[in-house]
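Q: Handing you this structure, nothing more for now.
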Amino acid sequence: MSTGMGEKGRLRRFGLIGYPLGHSLSPLIHERIMAVMGLPGEYRLYELEPESMSNELPKLFATLDGFNCTIPHKEAIIPYLKGLAPSASLYGAVNTVHERTGYNTDGAGFASCNVPMQGRKVCVLGAGGVARVLTMEAVRARSTGIYVLARNAERAERLVHEVKEKGYDNIHAVKRGDDQAMDCEVLLNGTPVGMWPDVGGVPITDRQLRSAKIVFDTIYNPSATRLVLQAKTRGLWAKGGLQMLFEQALASQKIWNPEVNLADFRDELEQAQKQLAREVLQNSPIKLVLTGFMGSGKTHVGRALAMAMSLPFLDLDEQITKDAGQSITEIFSSRGEEAFRKLEREAFLDQIYRPGAMVLATGGGTLMQEGMVESLRQYQALIIHLDVPLEVALQRIGDDQNRPLILGDKMEVRNLFERRRPMYEAAADLTVPALGEVVQVVEAIMTAFGWNA
């Protein structure tokens, strides 16, 4: 078995250039790969502003054994290189450099995800380096038509022109709201919309998602974006970009270390990839906010999910009673519902504003308050709706005296449920049926995020 030690165990130096690079996971991934394969080396971030490339690149060429390249340098670096490998020529973009030759391993990473595009109409979101890869892979998959939707119309037109020059004619640049972009079966996101820390973004309209059957998001942080979670809620084939990131990094390491036989380490590498989703959460913390009608299991599921993910857990109703020194029923009775909602709002926002990851179980009416969902979108939080039929919720609740809203007329409770349920669905990034055992619901959530893949 090859040890991959290289030149007598010399510490080799690699890195990533781009701007900005504040939340890149590349060092974590590459150092994990090198450790598995026994490669002595380091991997660092080199934040390179576009105007400094001509001064800084010669230094990196001289001191690094190889480096990766990301936004905004994937195309801009080409004039500084001696040549392009076929992969970089095909995509018109570079993400890996070795001995001043440009390569592109994004295609290999994307291909590993097996996105079903053949015979389907594809919409590519974005027109940058990664969108170029997605577009050419859609061509290679014999898609029936490709529609490029990008904020920069000039770049979109340029990408379309370049693809047509390669012999593929059924490709078009479209604008947001264009009917052709609205009817695509496959959505491929090559934009940063929805990436941590701005996890509240979604790069498409609800109408576009309704027509889709396949969704792939190149964003890997969080491991499942709002786009991916919403697609999974609809039962669509949906996947985030973590596998693509890992596989393209692996392909880069193979270019830099051709003496290594990857097959010798396949089991260990697969295990390293499985751990990535959890490590993404630890490095870029998000809050998981559970919502749903009373009796949906938010507290039990939240506590079990937090334990499975080694995260802090907080039940908002428990926090309110602790802060107020009264039970929920006592607060309603002595101060009224309006006073309770004020306490609820203050306790909720206090938790959301705190840094770090956590699982937060809310009350059934918490996110129904005006502006609460909008507040969540400004922070690193995603909303999970635990959905149960009213009859199941009522059976679970029984005669719980700590739930003042169920102590009145049962018809009023039904009306409340029917009023709130569509509001939960509209607010949620992920809706999970919560009829089964707690462990099953937790597994469904973790699977959606790729945490137990």
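Quick note: the coordinates plus some simple rules give every number you see, no bench work behind them. On a predicted model such as this, the values are computed, not experimentally measured, just so you know. A quick note on method: Cβ atoms are made from the backbone with ideal geometry, for glycine too, and the neighbour counts reach across all protein chains shown.
Q: Any idea what log10 I(q)/I(0) is at q = 0.11, 0.20 Å⁻¹ for the stretch 1-131, Debye with uniform C-alpha scatterers and no solvent?
A: Debye output, listed in q order: -0.44, -1.27.
Q: Amide H of residue 215: which non-local residues (sequence gap of 5 or more, or other chain) have their own amide H closer than 5 Å, using H built in the peptide plane?
A: Under 5 Å from the amide H of residue 215 lie the amide H atoms of 187, 237, 238, 239, each far enough along the sequence or on another chain.
Q: Turning to a different aspect of this structure: By the gyration tensor of its Cα atoms, with a ≥ b ≥ c the square roots of the eigenvalues, what is the shape of the stretch 61-176: rounded for a/c under 1.5, prolate for a/b over b/c, or oblate?
A: Prolate, since a/c reaches 1.5 and a/b exceeds b/c.
Q: Which distance in Å, rounded to a whole number, links the C-alpha centroids of the stretch 80-97 and the stretch 111-177?
A: Value for the Cα centre distance between the two parts: 19 Å.
Q: Explain nothing, just compute: Karplus ³J(HN,Hα) = 6.51 cos²θ - 1.76 cosθ + 1.60, θ = phi - 60°, for every residue of the stretch 424-437 in order, whole Hz, x for Gly and Pro.
A: So the J values, rounded to whole Hz, are 4, 4, 5, 7, 6, 8, 9, 10, 10, x, 10, 7, x, 5.
Q: Take the Cα of residue 140, step 7 Å along the line toward its Cβ, and report every residue of the stretch 72-97 whose backbone nitrogen sits under 13 Å from that point.
A: Residues 86-93 qualify, since their backbone N sits under 13 Å from the label point.
Q: Using 0.36 nm per residue of separation minus the Cα-Cα distance, give me the extension gain between residue 237 and residue 283 in nm, one decimal.
A: On the way: separation 46, 0.36 × 46 = 16.56 nm, distance 2.70 nm.
Extra length available between residue 237 and residue 283 comes to 13.9 nm.
Q: Considering the values [x] 36; [y] 27; [z] 52, which represents percent of Cα pairs over 36 Å apart as calculated for the structure under consideration?
A: Read-out from the structure maps to [x].
Q: What percentage of all Cα-Cα pairs in the stretch 116-240 are separated by more than 24 Å? Numbers along the way, then the final one.
A: Details: 1416 of 7750 pairs.
Roughly 18 percent, once rounded to a whole number.
Q: Would you kindly state how much longer the chain becomes between residue 162 and residue 47 on full extension, computed as 0.36 nm times their sequence separation minus their alpha carbon distance, in nm to one decimal?
A: On the way: separation 115, 0.36 × 115 = 41.40 nm, distance 2.92 nm.
Length gained, residue 162 through residue 47: 38.5 nm.
Q: Which FRET efficiency, nearest 0.05, do residue 397 and residue 112 yield, Cβ-Cβ r, R0 60 Å?
A: On the way: r = 47 Å, r/R0 = 0.78.
The formula returns an efficiency of 0.80 here.
Q: With θ taken as phi - 60° and the coefficients 6.51, -1.76 and 1.60, list the Karplus ³J(HN,Hα) couplings across the stretch 154-164 in order, rounded to whole Hz; mark glycine and proline as x.
A: Once θ is set to phi - 60°, the couplings for the stretch 154-164 become 5, 5, 4, 5, 5, 5, 4, 4, 5, 5, 5 Hz.
Q: If I model a spin label at residue 266 and residue 333 as a point 7 Å from the Cα along the Cα→Cβ vector, what separation in nanometres do I get?
A: Here the modelled spin labels are 6.7 nm apart.
Q: What 222 nm value per residue comes from the helices of the chain, counting each DSSP H run with n ≥ 4 as -39,500 (n - 2.57) and dividing by all residues, nearest 500 deg cm²/dmol? Walk me through the intermediate numbers first.
A: Numbers: 19 runs with 201 residues, N = 453.
Helix contribution divided over all residues of the chain: -13500 deg cm²/dmol.
Q: Take 367, 64, 435 and order them by how many other Cβ atoms sit within 10 Å, fewest up front.
A: Fewest-to-most Cβ neighbours within 10 Å comes out as 435, 64, 367.
Q: Report the FRET efficiency, 1/(1 + (r/R0)^6), for residue 275 and residue 323, where r is their Cβ-Cβ distance and R0 is 35 Å, rounded to 0.05. It would help to have the intermediate numbers written out before the result.
A: On the way: r = 38 Å, r/R0 = 1.07.
E between residue 275 and residue 323, to the nearest 0.05, is 0.40.
Q: Within the stretch 411-445, list the trypsin sites (Lys or Arg not before Pro) lying in a DSSP loop whose Cβ has at most 13 other Cβ atoms in a 10 Å radius. Could you put the intermediate results ahead of the total?
A: Working: sites: 414, 419, 420; in loops: none.
Taking the stretch 411-445 and a limit of 13 other Cβ atoms within 10 Å, no loop trypsin sites (Lys or Arg not before Pro) are found.
Q: List the residues, sorted by chain then number, that are 5 or more residues from residue 387 or on another chain and whose placed amide H is less than 5 Å from its amide H.
A: 432, 434
Q: To continue, here is another question. Here is the link list: 322/342; 59/82; 274/298; 164/213; 121/175. Which ones come out longer than 18 Å on Cα distance?
A: Values: 322/342 15 Å; 59/82 15 Å; 274/298 27 Å; 164/213 26 Å; 121/175 16 Å.
The pairs that break the limit, which is 18 Å between Cα atoms, are 274/298; 164/213.
Q: In the chain, what cysteines have no partner Cβ closer than 4.7 Å?
A: 69, 113
Q: Rounded to whole Hz and in sequence order, give me ³J(HN,Hα) for the stretch 319-332 from the Karplus expression 6.51 cos²θ - 1.76 cosθ + 1.60, θ = phi - 60°, writing x for Gly and Pro.
A: 5, 5, 5, 5, 5, 7, x, 9, 6, 4, 4, 5, 5, 4
Q: If you don't mind, there's one more thing I want to ask. Along the Cα-to-C-beta direction of residue 354, a point sits 7 Å from the Cα; which residues of the stretch 269-302 have their amide N less than 17 Å from that point?
A: Those under the cut-off are 285-290, 299, 302.
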